[in-house]
Amino acid sequence: QAPSFCIFHTPAGEILEWADVHRLEDGPTGAQRGLNDSKVRSVSRYLDDQMNTIPTAIIVSIHPSDCTIRKLNGSRTFKLSVRKTGGVIPGVVIDGQHRLIGVNSHDPKMHLNIVALVTGDEDETPFQFLVINNKAAKVATDHIKAILAERDDQELQSRLRRARLTVSQRFGFVHLANSDPESPFFNQIDWTINRDGQKTVKPTAIETAVKDIQDRRLPEFDDDDALVEYFFTIWRSINDSWRDLWDDEDSRLLSKIGIVCMTQYITNSIVSSYDLGEISVTDLKDVDSRVRQLLKMQEKDFWKIDWASTSYDTSAGRKIVVESLVQIARNKRQKLDWQ
């Protein structure tokens, strides 16, 4: 039979008077991991911001013989009384040890929500610990970025930074790529707030490609609008020239490796010409013309044939793909088979 449980709130300091943490390192009856001082400090630091609180409950267990539950005011309110026998702390913390100890170090009088399982089953504590810590699904980073992009709330982002939840700030470019009708990736980004589109392009593909452009450190790209227009122009030209690959499920062109490596290959050429004073990265006609010239010396089938490895999504792997694009162009210039 499932255990009964009580839900209430009480000061952190009081919880530690009747609930202890049993760690696996201390003996076979324990289940918790060792105390991590950095996690405790991070909780205390998080609460230094007076806007922050901890709504999630601490889970504890207590044996029925160590407590009394008395009904008050009808059937929905109870009084839980905990007894110590021989000075032994009867309660056991199942989940939330770092929150509990961190809050206690910050302010022992601060209240926390508690879910107390009342059970005599000695297996209940390790069972609940394992279920809670292995069934919970961490929120995907792309999901977090989608929330921030749609809300566009600077105060929310500021609070997250103060709480040390770090998220790449390039999610704004991903949002533009998905929501701007002039984007070649309009309604094609595979994230939560694309509710009606095709979801064929991974957000990290856009982020990584944009980062590669920014890493060139051209002063023109310090302006976000100029950077976006340049990136969109590249891929509108590719879309127009290779439209059949765009909709081909067997093509790697719109995979992360495709978007990142094509952006890098094209930008390598354009930046080289920029350094020689031959092209302006803000002249979109020049950019479009250069992309189309480069594509004439490429081979669409490269993105559809079998590759030697199933994954090149590493810095070394992407280097191999870009070098292959360079070699294809050289082969074609010499009238050789592109392969």
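The values are calculated or read from the model by the stated rules, or taken from the named source; none is laboratory data. These numbers were taken from a predicted model, which means no experiment stands behind them. Every residue, glycine among them, receives a Cβ derived from its backbone with ideal geometry; neighbour counts consider all protein chains shown. Ligands, DNA and RNA are excluded from the accessible area calculation, which covers all protein heavy atoms including side chains. Shrake-Rupley method; radii C 1.70, N 1.55, O 1.52, S 1.80 Å.
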inquiry  = With the requirement that a residue be modelled with pLDDT of 80 or more, charged (D, E, K, R) and either within 13 Å of Ile206 (Cα to Cα) or crowded, with 20+ Cβ neighbours inside 10 Å (or both), what does region 155-192 give you?
reply    = Asp190
remark   = Scanning region 204-228 for residues that are in a helix (DSSP H, G or I) and either open to solvent by 60 Å² or more (accessible area, probe 1.4 Å) or among the aromatic types (Phe, Trp, Tyr) (or both), the one nearest to Glu182 (Cα to Cα) turns out to be Asp225
ask   = Can you tell me which of Val93, Val43 is under 20 Å from Gly120 (Cβ atoms), open to solvent by less than 50 Å² (accessible area, probe 1.4 Å) and modelled with pLDDT of 80 or more?
value = Val93
message = List the residue pairs whose Cβ atoms are under 6 Å apart, where the first residue sits in region 44-56 and is charged (D, E, K, R), the second is modelled with pLDDT under 90, and the two are 6 or more positions apart or on different chains.
response = Asp49/Arg162
remark   = Those residues of region 273-310 which are touching a residue at least 40 places away in the same chain (Cβ under 8 Å) and of a type in the set (A, V, I, L, M) amount to Val281, Leu284, Val287, Val291, Leu295
Leading residue by the ranking (modelled with the lowest pLDDT) among those in region 308-328 that are over 24 Å from Ile279 (Cα atoms) and open to solvent by less than 70 Å² (accessible area, probe 1.4 Å) = Ser309
note = Per the list (1) touching a residue at least 24 places away in the same chain (Cβ under 8 Å); (2) part of a helix (DSSP H, G or I); (3) of a type in the set (A, V, I, L, M), residue check on Ile270 breaks on (1)
task = Look at region 273-307 and say how many of its residues are more than 25 Å from Trp246 (Cα to Cα), in a helix (DSSP H, G or I) and open to solvent by less than 60 Å² (accessible area, probe 1.4 Å).
result = 2
query = So is Leu35 open to solvent by 30 Å² or more (accessible area, probe 1.4 Å) and either closer than 26 Å to Asp121 by Cα or not charged (D, E, K, R) (or both) or not?
reply = yes
